[in-house]
Amino acid sequence: MKSRVIDIHPHIISNDMTAYPHSPLGGKQSTWSRERPVTFEQFVQAMDEAGVDKAAIVQSSTCYGYDNSYLVDSIAKLPERVCGVGCVDVTAADAPAAIADLASRGIQGLRLFTGGSTIQVNVDWLDDPVTYPAWEAAGEHGMAISIQTRPVGLPKAGSLARRFPKVKVVIDHLARAPVADGPPYKEGEVLFVLADLPNVYLKVTPRTFDQVLEGKASAETYFPRLVSVFGAERMAFGSNYPSSEGDLPGIVARAKSVLSCLPDEQSHMVLAGTAQILYPALADEEVAS
């Protein structure tokens, strides 16, 4: 059966702090992971309720930092429906070895966190040559790399995508590029110029849905503009649940509503098809004729 919805940006938090102790990046745990944590089992139940067929679960770095233990242990329980996007210190000398280990344990991507709710955004290290061995290792293992950043980090993301063409680079939350000026969205040109790099992908999340309510922006003008520049096959949906408030069924329903301004085939690519390009473990099984 053809997958209808694949979520490439949920998070999970264990209720067992002894087995999975907290060690957030920057030393400060995110509010959402403390106040509304969702275990792996709860997330799978939410997937069923929301009609989410598969998911690429993203390491909760603002809770666990570089300790991917809970993520790895969880995805091993349901490999036919989920894979993982881990987090490693790409500036560390042992990063390539850590990446190889994660690849052997069901992790199909990495996420680089340059800052956000718990630490100030710092992109200075993002394209430091010390990180290049990690990028090379990611390419060797077929891992996509998601980058959580703001517009200031997009030129560096583009530079890395150009240097490592084998690596699919995913821009989380579209880097919150400005949209309030409305069509043709000239203020967001820092994002659009990345379309010339065929290995750059966009992750559309509830943060994006909120942004298109700002100023002169609208879903009906912004998403067709994104598709015209990048193509739907380079855009994918991520719920950011439970970091984003609300239940998963509500987030998925909102995504479908917002993306209904696109033709069916394009909305399918954003909701499911592109995820299978980024994370081959989530591909649909071929049905024998």
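The values are calculated or read from the model by the stated rules, or taken from the named source; none is laboratory data. Everything numeric here is computed off the predicted structure, so don't read it as measured data. Cβ sites come from the backbone with ideal geometry, for glycine too, and all protein chains shown count toward neighbours. Accessible surface is based on the protein model in full, side chains and every heavy atom, while ligands, DNA and RNA are left aside. Shrake-Rupley method; radii C 1.70, N 1.55, O 1.52, S 1.80 Å.
Things worth noting here:
- Computed about the Cα centre, the dipole magnitude for the chain is approximately 480 debye when only Lys and Arg (+1) and Asp and Glu (-1) carry charge, each at its Cβ.
- Rough spin-label spacing in nm, given labels placed 7 Å along Cα→Cβ, for A253 and R105: 3.8 nm
- Here the 3J(HN,Hα) profile of segment 226-233, calculated from phi with Karplus coefficients 6.51, -1.76 and 1.60 at θ = phi - 60°, is 4, 5, 5, 8, 9, x, 4, 6 Hz, Gly and Pro shown as x.
- Residue-wise HN-Hα coupling along segment 6-18, computed from phi with Karplus coefficients 6.51, -1.76, 1.60 (Hz; x: Gly, Pro): 10, 9, 9, 8, x, 10, 9, 9, 6, 9, 10, 6, 6
- This model, with +1 at the C-beta of Lys and Arg and -1 at the C-beta of Asp and Glu, gives segment 115-216 a dipole about its Cα centre of some 160 debye.
- By accessible area, using a 1.4 Å probe on protein heavy atoms only, segment 49-187 has 50% of its surface on carbon and sulfur.
- Environment charge at L202 (Cβ cut-off 13 Å; Lys +1, Arg +1, Asp -1, Glu -1): +4
- Centre separation in Å (Cα based) which lies between segment 150-193 and segment 199-266: 15 Å
- Partner lysines whose Cα lies under 27 Å from the Cα of K54, excluding those fewer than 8 positions away in the same chain, are identified as K2, K77, K166, K168, K203, K256.
- A simple spin-label model places pseudo-atoms 7 Å from Cα toward Cβ; at K77 and E35 they are separated by 2.6 nm.
- Under 17 Å from the R162 label point (7 Å along Cα→beta-carbon), backbone N, segment 86-127: 126-127
- Per-residue SASA entry for W125, accessible area with 1.4 Å probe, Å² rounded to 10: 70 Å²
- Spin-label model, A195 to D16: label points 7 Å out along the Cα-to-beta-carbon direction sit 4.8 nm apart.
- Within a Gaussian network of the chain (alpha carbon springs, distance under 10 Å), most fluctuating of C87, C63, C261: C261
- Of all beta bridges that DSSP places with both ends in segment 136-289, some 0 percent have antiparallel geometry.
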